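J.: The following block contains the structure, expressed as structure tokens.
The values are calculated or read from the model by the stated rules, or taken from the named source; none is laboratory data. On a predicted model such as this, the values are computed, not experimentally measured, just so you know. Note: ideal-geometry Cβ built from the backbone for every residue, glycine included; neighbour counts use all protein chains shown.
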Amino acid sequence: MEAVDKYVEYTSVSSIAGPLVIVEGVKGVAYGEIVEIITPSGEKRTGQVLEVREDIAVVQVFEGTTGLSTDRTRVRFTGETAKIGVSLEMLGRIFDGTGRPIDGGPEIIPEKKMDINGYPLNPVSRRTPDDFIQTGISAIDGPNTLVRGQKLPIFSGSGLPHNQLAVQIARQAKVRGEGERFAVVFAAMGITSEEANFFMEEFKKTGALEKAVVFINLADDPAIERILTPRIALTTAEYLAYEKDMHVLVILTDMTNYCEALREIAAARNEVPGRRGYPGYMYTDLATIYERAGRVKGKKGTITQIPILTMPHDDITHPIPDLTGYITEGQIVLSRELHRKGIYPPIDILPSLSRLASKGQGKGKTREDHPKVMSQIYAAYAEGRSLRDLVAVVGEEALTERDRAYLRFADEFERRFVSQGKDEDRSIEETLDLAWELLTILPREELKRIPEELIEKYLPKK
Amino acid sequence: MVVGKIVKIAGPVVVADGMKGSQMYEVVRVGEEKLTGEIIQLRGDRAVIQVYEETTGIRPGEPVEGTGAPLSVELGPGLLKSIYDGIQRPLTAIETVTGSIFIPRGVSVPALPRDVKWDFVPTVKEGDYVEGGDVIGTVEETKSIVHKVLLPVGIKGKIKEIKSGKFTVEDTVAVVETEDGEEKEIKMMQKWPVRKPRPYREKLPPTIPLITGERIIDTFFSLAKGGTAAIPGPFGSGKTVTQQQLAKWSDADVVIYIGCGERGNEMTEVIEEFPHLEDRRTGNKLIDRTILIANTSNMPVAAREASIYTGVTIAEYFRDMGYGVLLTADSTSRWAEAMREIAGRLEEMPGEEGYPAYLASRLAQFYERAGRVKCVGSEEKEGFVCIVGAVSPPGGDFSEPVTSNTLRIVKVFWALDANLARRRHFPAINWLQSYSLYIDDVTPWWQENTGPDWRELRDEAMRLLQKEAELQEIVQLVGPDALPDRERVILEVARMLREDFLQQDAFDEVDTYCPPMKQYMMLKIIMTFYRKALEVVEKGVDPGKIAKVPVKRDIARMKFIPEDKFLKEVAPELLERIEKELEALVENP
Ligand SMILES: Nc1ncnc2c1ncn2[C@@H]1O[C@H](COP(=O)(O)OP(=O)(O)OP(=O)(O)O)[C@@H](O)[C@H]1O
Ligand SMILES: [Mg+2]
């Protein structure tokens, strides 16, 4: 649709509050359209219409409102919705949080322009993800199997090694027996420049950068820009996956910073807040990001998402991890306790979950014994962990032989199965064999969850 | 028709002036692109409209056209096997029409296919007197379900003409002469406003259990045909898997599965699996009795609000044909949040946690549309609608408004427990917190269809589980050895109940569905073990030895044995071995 008043310029800013600018006396402004704001010092900023009445528009300014004034700010309505120009040249390049190159290279000549909000995928057009991705990390591949097209976040806490883990996954992830076109889209929101450098160094060192598109919004970049960053990244991912047949791994970090930006806008608009001040529509908003993962009919490419978030106070019931968990297909939870014990990666498998695990496990995917042996491992580790609490009270002597075996199992499991090197890339067979070896710690009659034939075939004879 | 003008746009809410003459809940076409919306507030000539599509790009000044009709669904042959969005737009047809994997705005495709010709077989003849709700003919819609073409409610008179043969849903199949001499052309398709419950003659008490094949549900917290249940739980605790299990295996004739603000992939799973899975009851495919409403979390939020009504109206329509319908809604919390989001944009005074003050009454009205009823019409027909709603409480806290208001209404509460899910105890339904108020109503059915001691077994098992919880508190303080022998037996048997009876893997080929008789026998075997164990412990046998008898291992494997073989061969043998092996302990203590 053609804009009615394309590029009409207004100087009628009536008020500025937080990231918002209210413009009066406007005509023909469209809901959601993109706005150019020229500051008194001549700098250009971008904004978007959040609400429009007959003659008033509420505009959020992505780069923030610092330096704007009511009398000398100029506002131009572009008549366009937010779009990004995409092309294959983006691979190997680094952009800021709004999609401008920051690596000193040339501007991108877009092959086409795409709406960054995308459209909802038709559920009929999806296909259930079921291609096993081997990450080489036992605590993921074994119990929390990841598949192509899944959205599986890492729930972390400040100071935990989620960045290392993300980099290790990005480096090691592969679908076995296939040399398909693979790309990483990396979107950073509000991370420190130190963290950004860590990622860049890692990507460069391993040659991953050539196959990556990087968007970086740093901690000292405007917070509101963070609203755009994941959407730009996912639009790029959709272009690479659905138009260029690539299997794209999207890493979004840190979603907590994204949610803070969302809260800031809601507060500036005096909206009725939901839980802990986050807007009531945060679930829907996050869904429009996370649901952009998937595998669809008739397209070769896929989008797999690994969002990272730090749980405030390590609290999994905090709205950010809570709403995320309600949308994503499971979660990998990092534990401070395991981290303190020196276990890397400190993945606690009990609260962790991959809902699509069963689609990627078993005969023809990994190995026939995979689902059953993992079910047993879960039950055994859970039992061992709850016995730890009991031991703390009654002492180990009060325990039966069976219980002691479970305790030992839990310890060995953490030490040998969960724990592995930062460069250690285990095959799924190594992971499963290790699991069987650990099960020999338990009395054989405890292996209730595994059919007899599989025990016969795989359990190492003592 | 009323034509007004947009004065404000804020997300899914649009305000228009010049709307005098419109009605509440009237459907309107918004803007140049004619997006579908519904009037949710009228003040003078100003209307507040919730829009079922993304509103980006709409401008003040654009027109809003009334349609004169409230938000309605199309009812008739072609509903089954369909997948609709929240306002009954057919998603498969949209994919075909647009040729896109995305759902663009402004596409308009009718809910029931207009080009399909159905084989209409009349069941009335000229001269018959008929009234609204009566069956005038049938169509074999799918292999499993004969669609009964109902005379629309409100019409009464004499059949003047009745046809037979192949017709589309818009063709006239009958003409009825009403009492005041008017002639009404009857088509196979009718419309019904979604927010208005379809009438029935009488509500009947629920006395028959809905058999789901989930042991913890059927044996302990039964849902009755026509009843209501809520399944609240934190993320990843099993709401969706449980509802999918019910959709697959329940003995309802028709299943309406509403994905309300949840994941796209979960809908895809149903779309991909159901055409292949066999319906136990008919031998046909599950999809033949299923209708999906998919308004996933990333689809427009106003259509999510409507999806619940769309689903329940279709459910009532099949009920009115005399069928039993199971409706599952995943998740009612997302529906409540959609209400909250719309209310927030209206700048309404918020109630608890920002939800609108009418949250409780909307929930009650929804669940009230369940029930076992005598259907309208002159013939005797009985049908039911069961409603099972998932609830997704923030942080898993059941004291929040949606959970607490739901629990005031529904009769069955399946409480999902994050701790059980973490231990991979599935279904993670907490047996101490859950309840069913139908137990007394359905007991006669179980006694007749399984064994006369069904209720005693069930109650005794429940008492054991409760006792276990008390004993565990003591064990946490002093260790298990300090307990008297009798109580150590209770701990051992409670563990068997939990692991060998309550745990049931939805993904196990055999155990995914457990028939009632098998449930009864499994419980009977465990309880027999319990009684015998108590008996021998009295005679001085060490409880530690009881834990090690070989028959226990085979009791643990009961669930993996198909019913036939289990009832004929395995169960009698197990009962015998329990007796023998435990008795042997007395002889060589
Ligand atoms: N009955 C069951 N048998 C086996 N596994 C189960 C069962 N119930 C749940 N699970 C496991 O738990 C996981 C999560 O279950 P589900 O997706 O139903 O959770 P949910 O409560 O719907 O979560 P959300 O609120 O996030 O949608 C499943 O992917 C599955 O691995
Ligand atoms: Mg769910």
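J.: Restricting the search to region B:250-287, which residues are in a loop (DSSP other than H, G, I, E, B) and more than 21 Å from B:Ser222 (Cβ to Cβ)?
T.: Answer for region B:250-287, where residues must be in a loop (DSSP other than H, G, I, E, B) and more than 21 Å from B:Ser222 (Cβ to Cβ): B:Gly261, B:Glu262, B:Arg263, B:Phe274, B:Pro275, B:His276, B:Leu277, B:Asp279, B:Thr282, B:Gly283, B:Asn284.
J.: I'm told B:Gln245 meets every condition in (1) closer than 23 Å to B:Asp505 by Cα; (2) of a type in the set (S, T, N, Q); (3) within 12 Å of ligand 1 (Cβ to nearest atom); (4) crowded, with 24+ Cβ neighbours inside 10 Å except one. Can you identify the failing condition by its number?
T.: The one condition B:Gln245 does not meet is (4).
J.: Output the number of residues of region A:119-147 satisfying the condition of being part of a loop (DSSP other than H, G, I, E, B) and touching a residue at least 40 places away in the same chain (Cβ under 8 Å). Working first, answer last.
T.: Taking region A:119-147 first, the residues part of a loop (DSSP other than H, G, I, E, B) are A:119-120, A:122, A:127-131, A:135-137, A:142-145.
Then keep just the ones that are touching a residue at least 40 places away in the same chain (Cβ under 8 Å); that gives A:120, A:127-131, A:136-137, A:142-145.
Total meeting the criteria: 12.
J.: Shifting gears a bit: Pairs please, first residue from region B:386-408 and over 14 Å from B:Glu337 (Cα atoms) and free of Cβ contacts under 8 Å to residues at least 24 places away in the same chain, second anywhere and surrounded by fewer than 21 Cβ atoms within 10 Å (Cβ to Cβ) and aliphatic (A, V, I, L, M), Cβ atoms under 7 Å, 6+ apart in sequence or on different chains.
T.: none
J.: Can you tell me which residue in region B:192-222 is farthest from the other protein chains (Cβ to nearest Cβ), limited to those that are within 16 Å of ligand 1 (Cβ to nearest atom) and not in a helix (DSSP H, G or I)?
T.: Ranking the qualifying residues of region B:192-222, first place goes to B:Phe221.
J.: Determine, yes or no, whether A:Ile332 is within 15 Å of ligand 1 (Cβ to nearest atom), surrounded by 17 or more Cβ atoms within 10 Å (Cβ to Cβ) and more than 10 Å from every other protein chain (Cβ to nearest Cβ).
T.: Yes; evaluated as a whole, the condition is true for this residue.
J.: Suppose the filter is over 30 Å from A:Phe182 (Cα atoms) and among the basic types (Lys, Arg); does A:Arg295 pass it? Break it down stepwise before answering.
T.: Values: over 30 Å from A:Phe182 (Cα atoms): no; among the basic types (Lys, Arg): yes.
No; evaluated as a whole, the condition is false for this residue.
J.: Pick from region B:311-347 the residues that are basic (Lys, Arg) and within 10 Å of another protein chain (Cβ to nearest Cβ): which of them is farthest from B:Arg198 (Cα to Cα)?
T.: B:Arg345
J.: Next up: Across region B:1-17, what is the total count of residues that are buried (at least 17 other Cβ atoms within 10 Å of the Cβ), touching a residue at least 40 places away in the same chain (Cβ under 8 Å) and within 14 Å of chain A (Cβ to nearest Cβ)?
T.: 11
J.: Return yes when A:Gly64 is surrounded by fewer than 20 Cβ atoms within 10 Å (Cβ to Cβ) and either under 11 Å from A:Tyr10 (Cα atoms) or not β-branched (Val, Ile, Thr) (or both) and no when it is not.
T.: yes
J.: Another question about this same structure. For region A:335-353, enumerate the residues that are of a type in the set (A, V, I, L, M) and within 16 Å of ligand 1 (Cβ to nearest atom).
T.: A:Ile349, A:Leu350, A:Leu353
J.: Identify, please: which residue in region A:290-304 is within 19 Å of the chain's Cα centre (by Cα) and within 10 Å of another protein chain (Cβ to nearest Cβ) and is, among those, farthest from B:Arg263 (Cα to Cα)? So that I can check it myself, show each step before the final result.
T.: Quick first cut of region A:290-304, residues within 19 Å of the chain's Cα centre (by Cα) only: A:290-295, A:301-304.
In the following step, the residues that additionally are within 10 Å of another protein chain (Cβ to nearest Cβ) were identified as A:290-295.
Values: A:Tyr290: 10, A:Glu291: 7, A:Arg292: 11, A:Ala293: 11, A:Gly294: 11, A:Arg295: 13 Å.
Among those that are within 19 Å of the chain's Cα centre (by Cα) and within 10 Å of another protein chain (Cβ to nearest Cβ), it is A:Arg295.
J.: Among the listed residues B:Ala303, B:Ala329, B:Ala247, which satisfies the condition of being hydrophobic (A, V, I, L, M, F, W, C), closer than 22 Å to B:Leu416 by Cα, touching a strand residue (DSSP E or B) at 6+ places or on another chain (Cβ under 7 Å) and assigned to a helix (DSSP H, G or I)?
T.: B:Ala247
J.: Restricting the search to region A:149-177, which residues are over 24 Å from A:Thr310 (Cα atoms) and touching a residue at least 12 places away in the same chain (Cβ under 8 Å)?
T.: Answer for region A:149-177, where residues must be over 24 Å from A:Thr310 (Cα atoms) and touching a residue at least 12 places away in the same chain (Cβ under 8 Å): A:Lys174, A:Val175, A:Arg176.
J.: Something else: I'd like the full set of residues that are buried (at least 23 other Cβ atoms within 10 Å of the Cβ), touching a Ser or Thr at 6+ places or on another chain (Cβ under 9 Å) and not aliphatic (A, V, I, L, M), limited to region A:291-309.
T.: A:Glu291, A:Arg292, A:Gly294, A:Arg295, A:Gln305, A:Pro307
J.: Where in region B:374-466 are there helices (runs of 4 or more DSSP H), lying wholly inside it, with at least 2 residues that are at pLDDT 95 or above?
T.: Of the helices (runs of 4 or more DSSP H) lying wholly inside region B:374-466, those with at least 2 residues that are at pLDDT 95 or above span B:401-407, B:439-449.
J.: Oh, and also: Is one or more of the residues making up region B:230-240 within 16 Å of ligand 2 (Cβ to nearest atom) and more than 14 Å from chain A (Cβ to nearest Cβ)?
T.: Here is the first cut: in region B:230-240, the ones within 16 Å of ligand 2 (Cβ to nearest atom) are B:230-240.
Okay, now just the ones that are also more than 14 Å from chain A (Cβ to nearest Cβ), so B:230-231.
Scanning region B:230-240 turns up at least one residue that is within 16 Å of ligand 2 (Cβ to nearest atom) and more than 14 Å from chain A (Cβ to nearest Cβ).
J.: Give me the pairs, please: first residue somewhere in region A:348-370 and under 16 Å from A:Asp141 (Cβ atoms) and outside any loop (DSSP other than H, G, I, E, B), second residue anywhere and more than 10 Å from ligand 1 (Cβ to nearest atom) and basic (Lys, Arg), beta-carbon distance under 6 Å, and either six or more positions apart or on two chains.
T.: Listed by first residue and then by second, the contacts come to nothing, as the list is empty.
J.: Let me ask you something else. Go through B:Ile287, B:Ile291, B:Ile216 for me and flag whichever is among the β-branched types (Val, Ile, Thr) and in contact with a Lys or Arg (Cβ under 6 Å, 6 or more places away or on another chain).
T.: B:Ile287
J.: Could you say whether any residue in region B:251-269 is farther than 17 Å from B:Asn295 by Cβ, within 16 Å of ligand 1 (Cβ to nearest atom) and touching a residue at least 12 places away in the same chain (Cβ under 8 Å)?
T.: Scanning region B:251-269, I find no residue that is farther than 17 Å from B:Asn295 by Cβ, within 16 Å of ligand 1 (Cβ to nearest atom) and touching a residue at least 12 places away in the same chain (Cβ under 8 Å), so the answer is no.
Residues are listed down the side, and each one gets a yes or a no for (1) modelled with pLDDT of 95 or more; (2) crowded, with 20+ Cβ neighbours inside 10 Å; (3) within 10 Å of chain A (Cβ to nearest Cβ):
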position: B:Glu54; (1), (2), (3): no, yes, yes
position: B:Gly57; (1), (2), (3): no, yes, yes
position: B:Gly61; (1), (2), (3): no, no, yes
position: B:Thr67; (1), (2), (3): no, no, no
position: B:Ser100; (1), (2), (3): no, no, yes
position: B:Ile103; (1), (2), (3): no, yes, yes
position: B:Val109; (1), (2), (3): no, no, no
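J.: Tell me yes or no: at least one residue of region A:305-324 is within 13 Å of chain B (Cβ to nearest Cβ), of a type in the set (A, V, I, L, M, F, W, C) and in a helix (DSSP H, G or I).
T.: Checked region A:305-324: at least one residue is within 13 Å of chain B (Cβ to nearest Cβ), of a type in the set (A, V, I, L, M, F, W, C) and in a helix (DSSP H, G or I).
So that you can scan it fast, the table gives a plain yes or no per residue for (1) surrounded by fewer than 24 Cβ atoms within 10 Å (Cβ to Cβ); (2) among the acidic types (Asp, Glu); (3) more than 14 Å from chain B (Cβ to nearest Cβ):
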| residue | (1), (2), (3) |
| --- | --- |
| A:His247 | no, no, yes |
| A:Leu252 | no, no, yes |
| A:Thr256 | yes, no, yes |
| A:Leu262 | yes, no, no |
| A:Val272 | yes, no, no |
| A:Gly277 | yes, no, no |
| A:Thr284 | no, no, no |
| A:Thr288 | yes, no, no |
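J.: Is it fair to say A:Ile377 is under 26 Å from the mean Cα position of the chain (by Cα) and more than 9 Å from chain B (Cβ to nearest Cβ)?
T.: No: the conditions fail for A:Ile377.
J.: Check B:Gly322 against each of (1) in a loop (DSSP other than H, G, I, E, B); (2) within 16 Å of ligand 2 (Cβ to nearest atom) and name the one condition it does not meet.
T.: The single condition B:Gly322 does not satisfy is (2).
J.: Is it the case that B:Ile231 is modelled with pLDDT of 95 or more, buried (at least 17 other Cβ atoms within 10 Å of the Cβ) and not in a strand (DSSP E or B)?
T.: Considered against the rule, which asks whether it is modelled with pLDDT of 95 or more, buried (at least 17 other Cβ atoms within 10 Å of the Cβ) and not in a strand (DSSP E or B), B:Ile231 comes out as no.
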